[in-house]
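Visitor: Sharing a structure below in structure tokens format, with a few things to ask.
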Number of protein chains: 2
Amino acid sequence: MNDTFKALSDPTRRQIIQLLKERDLSAGEIANHFSISKPSISHHLNILKNARLIQDERQGQSIVYSLNTTVIQEALGWFLNMIGSKGEQ
Amino acid sequence: MNDTFKALSDPTRRQIIQLLKERDLSAGEIANHFSISKPSISHHLNILKNARLIQDERQGQSIVYSLNTTVIQEALGWFLNMIGSKGEQ
DNA sequence: ACTATATTTAGATGTTTATCTAAATATCGA
DNA sequence: TCGATATTTAGATAAACATCTAAATATAGT
């Protein structure tokens, strides 16, 4: 759970997740949306992957990333719990 | 929004929010739940306050903190959007 | 006004993090 | 197998962050 929140604490990584919400993208396609270097994007992708927020699959020369909504749902649960009635859970 | 996620990325701060979900607490009462120093807790409270996740009110010698669920609801919205159907919004 | 209690501010320190460039690895097509 | 393309790994650096102790501020009660 901590890995999830840590991963989501960076704006670049949240934007990557938003991009992947639209459609699966290769590492290069993701990098093209940003003005930071490819190695930096690769680093962010790795953090998201370790948090299991995204998954990757090689397709020929490219590595294609996709969203894992399961983990996002878990984080959503945390927020729902915080908003639930006092003392509940 | 970034302040919200940054604030929630620390486990101590998430725990503080969970404590305040149960009931309002003074800074000292909050600090008693942790093994870190009072100034460190004060620092965390300040970060949560700047993110508007909590609010404070002086009551005599104490300063009592309470949750602001409005901002939590905004963050919840981000997650709901991520889970919504592809391309939506 | 003085003392005790509650909390924050100031300043220092070690760790983590985001970023970069350069080099390494992997795949594809000719 | 060679050259081009795609991505990651390695190593360095500067900024951000969590924590500490000591000192400052604020309130309350006597």
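The values are calculated or read from the model by the stated rules, or taken from the named source; none is laboratory data. Just so it is clear, the structure is predicted and the values come from calculations on it, not from any experiment. Using ideal geometry, Cβ is built from the backbone for each residue, glycine included, and neighbour counts are taken over all protein chains shown. These accessible areas exclude ligands, DNA and RNA; they are computed on the full protein's heavy atoms, side chains included. Shrake-Rupley method; radii C 1.70, N 1.55, O 1.52, S 1.80 Å.
Visitor: Which residue is most open to solvent (accessible area, probe 1.4 Å), if the candidates are limited to the stretch B:24-55 and must be over 14 Å from B:Thr69 (Cβ atoms) and of a type in the set (D, E, K, R)?
Guide: Of everything passing the filter in the stretch B:24-55, B:Lys38 is most open to solvent (accessible area, probe 1.4 Å).
Visitor: Just give me the residues in the stretch A:49-89 being touching a residue at least 60 places away in the same chain (Cβ under 8 Å) and either more than 25 Å from B:Arg14 (Cβ to Cβ) or in contact with a Lys or Arg (Cβ under 7 Å, 6 or more places away or on another chain) (or both), in sequence order.
Guide: Within the stretch A:49-89, just A:Val71 meets the criteria.
Visitor: What are the pairs, 6+ residues apart or on separate chains, where a residue within the stretch A:17-32 that is free of Cβ contacts under 8 Å to residues at least 12 places away in the same chain has its Cβ under 9 Å from a residue that is open to solvent by less than 10 Å² (accessible area, probe 1.4 Å) and part of a helix (DSSP H, G or I)?
Guide: Short answer, once both residue conditions are applied: A:Gln18/B:Met82; A:Ala31/A:Ile41.
Visitor: How many residues are of a type in the set (S, T, N, Q) and either buried (at least 18 other Cβ atoms within 10 Å of the Cβ) or more than 16 Å from DNA strand D (Cβ to nearest atom) (or both) if we restrict to the stretch B:56-80?
Guide: Summing the residues that are of a type in the set (S, T, N, Q) and either buried (at least 18 other Cβ atoms within 10 Å of the Cβ) or more than 16 Å from DNA strand D (Cβ to nearest atom) (or both) in the stretch B:56-80 gives 5.
Visitor: A follow-up question, please. Among (1) near DNA strand D (Cβ under 8 Å from one of its atoms); (2) more than 18 Å from A:Thr4 (Cα to Cα); (3) within 14 Å of chain A (Cβ to nearest Cβ), which single condition is B:Leu48 missing?
Guide: (1)
Visitor: Quickly run through the stretch B:1-29 and pick out the residues that are over 17 Å from A:Asn81 (Cα atoms), more than 12 Å from the chain's Cα centre (by Cα) and either more than 14 Å from chain A (Cβ to nearest Cβ) or part of a helix (DSSP H, G or I) (or both).
Guide: Residues satisfying the conditions are B:Asn2, B:Ser26, B:Ala27, B:Gly28, B:Glu29.
Visitor: Hey, another quick one. Take the conditions within 24 Å of B:Leu76 (Cα to Cα) and more than 10 Å from DNA strand C (Cβ to nearest atom) and apply them to A:Leu25. Does it pass?
Guide: In short, no.
Visitor: Which one of the conditions (1) among the hydroxyl-bearing types (Ser, Thr, Tyr); (2) over 17 Å from the mean Cα position of the chain (by Cα); (3) within 14 Å of chain A (Cβ to nearest Cβ) does B:Ser66 fail to meet, given that it meets all the rest?
Guide: Going through the list (1) among the hydroxyl-bearing types (Ser, Thr, Tyr); (2) over 17 Å from the mean Cα position of the chain (by Cα); (3) within 14 Å of chain A (Cβ to nearest Cβ), B:Ser66 breaks only (2).
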